Structure formats: structure tokens, C-alpha cells
Amino acid sequence: MLTDHRTTVVAIVAAVTCLGLTSCTAASAQDDATPSTSGSSGPPRAADGVLPDHTSAYDTDLPGIAKLDPELRKAVQQAETAMKNDGINMQVTTGWRSKKYQEELLDKAIRKYGSKKKALEYVAEPDASHHVTGHAVDIGPTDADDWLSRHGNRYGLCQTLSNEIWHFELVTKPGEDCPPMTDPTKS
């Protein structure tokens, strides 16, 4: 009788596992069938520049890194290596973005702040965003932002927006001073 009970339990576990794997496989296949191009409907994806957590400037297989201006990407890679030598881990939280991704960020900001005017203090329109052109990166965590604010000009990298400590662009020659930041709250 004990053997029959074990056989039944094993059979039930096998059936549940099989059903679980089948539904996971079906869901995965459905996800894979969804187009991941910037023109597709649905939320922005990797093809739009969405980056996973802990993305390195060296992760050039990701469109958000690969589509950065090559000089900017090189400068960020050099800064990341220098930071690592100083014991600081850096990540690119966002780099290049599609217009679709930028538009979604602006729409979310409008909902959050209640008006387009207020939202534009934090998120640029797609045609004005330096992320869409591949000429801006957002860096994290805060200790990496601090390091880059103090040493980024060695690589030509400067914080360009006074209200975003994480936003950097290649706006000076390596070793020169950074220009004054823009204050998007005063437009």
C-alpha cells in the first residue's frame, strides 16, 4: 500500500511539473513571438534601450550601450575602469533610448507631476532628448555619480543638468573644466 501511495504522489508531482513547464514554455514562446522593435506596441524593451540592473558600459551587446555615440561610450568605459580601480562599482542605468521609450518616460512624468510643463523639468521630449541621440548616459549608484562629478572631466564627462546628479554627457575635452550646468526648472 505504501508503494502505491508513493507511486501516486510521484505521478501527481510529475503531472504538476509537466503542466508548469508547459505553461512556462508557452508563455516564453509567446514573449519571444512579440516583436521587440521600437515600432512595436507595448512597453519599451531592450531594443528600445531599456537596460537591466547592473549594466556595464562594456555591455555592448545591449542596444542602450551599443547605440551610444562611440566617443561617449569610450569615455564612460574609461571612467568605469578608473572607478573600479578606486573600489567603486558603476552601472549605466540608461544610455541610448528610442523615441518610443523617451515618450513613455515623458508620459509617466506628466502623470506623476500633473502637467507637461512640470514634467519637462525632469524628462525631455523625444526630439530634445540627448538620450535619443545617444549623447547622454545616466549613471548609478550615488557614489559613482559623486566620483564622476569630481573626476569625470578627466574623460570629458560632465554632469549637464543641475537637477540630475546621474546625467552625464561628453561636453568638454578630457582634462578641461566642465561648462555650467543647465537648470531645467528655470525655463
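The values are calculated or read from the model by the stated rules, or taken from the named source; none is laboratory data. Bear in mind that the values here come from a model prediction, so they are computed numbers and not experimental data. For neighbour counting, all protein chains shown are included, and Cβ atoms are generated from backbone atoms with ideal geometry for every residue, glycine included. For the accessible areas, the whole protein counts, side chains as well, though only heavy atoms, and no ligand, DNA or RNA atoms are used. Shrake-Rupley method; radii C 1.70, N 1.55, O 1.52, S 1.80 Å.
Here are a few things to note about the model shown:
- Scanning segment 123-148 for residues that are open to solvent by 50 Å² or more (accessible area, probe 1.4 Å) and either part of a helix (DSSP H, G or I) or within 30 Å of Lys84 (Cβ to Cβ) (or both) gives His130, Thr133, His135, Pro141, Thr142, Asp143, Asp146.
- Subset tally (residues that are over 26 Å from Asp48 (Cα atoms) and in a loop (DSSP other than H, G, I, E, B)) for segment 79-94: 3
- Qualifying residues in segment 69-89 (those that are touching a Phe, Trp or Tyr at 6+ places or on another chain (Cβ under 8 Å) and over 15 Å from Gly156 (Cβ atoms)) - the one least open to solvent (accessible area, probe 1.4 Å): Met83
- Among residues of segment 150-187 being in a helix (DSSP H, G or I) and open to solvent by 60 Å² or more (accessible area, probe 1.4 Å), the one that is farthest from Pro63 (Cα to Cα) is Arg150.
So that you can scan it fast, the table gives a plain yes or no per residue for (1) among the hydroxyl-bearing types (Ser, Thr, Tyr); (2) at pLDDT 95 or above:
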residue	(1), (2)
Ser38	yes, no
Ser41	yes, no
Val50	no, yes
His54	no, yes
Gln78	no, yes
Lys84	no, yes
Thr93	yes, yes
Glu103	no, yes
Ile110	no, yes
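- Scan of segment 101-149 for residues that are under 14 Å from the mean Cα position of the chain (by Cα), more than 20 Å from Arg73 (Cβ to Cβ) and charged (D, E, K, R), ordered by number: Glu104
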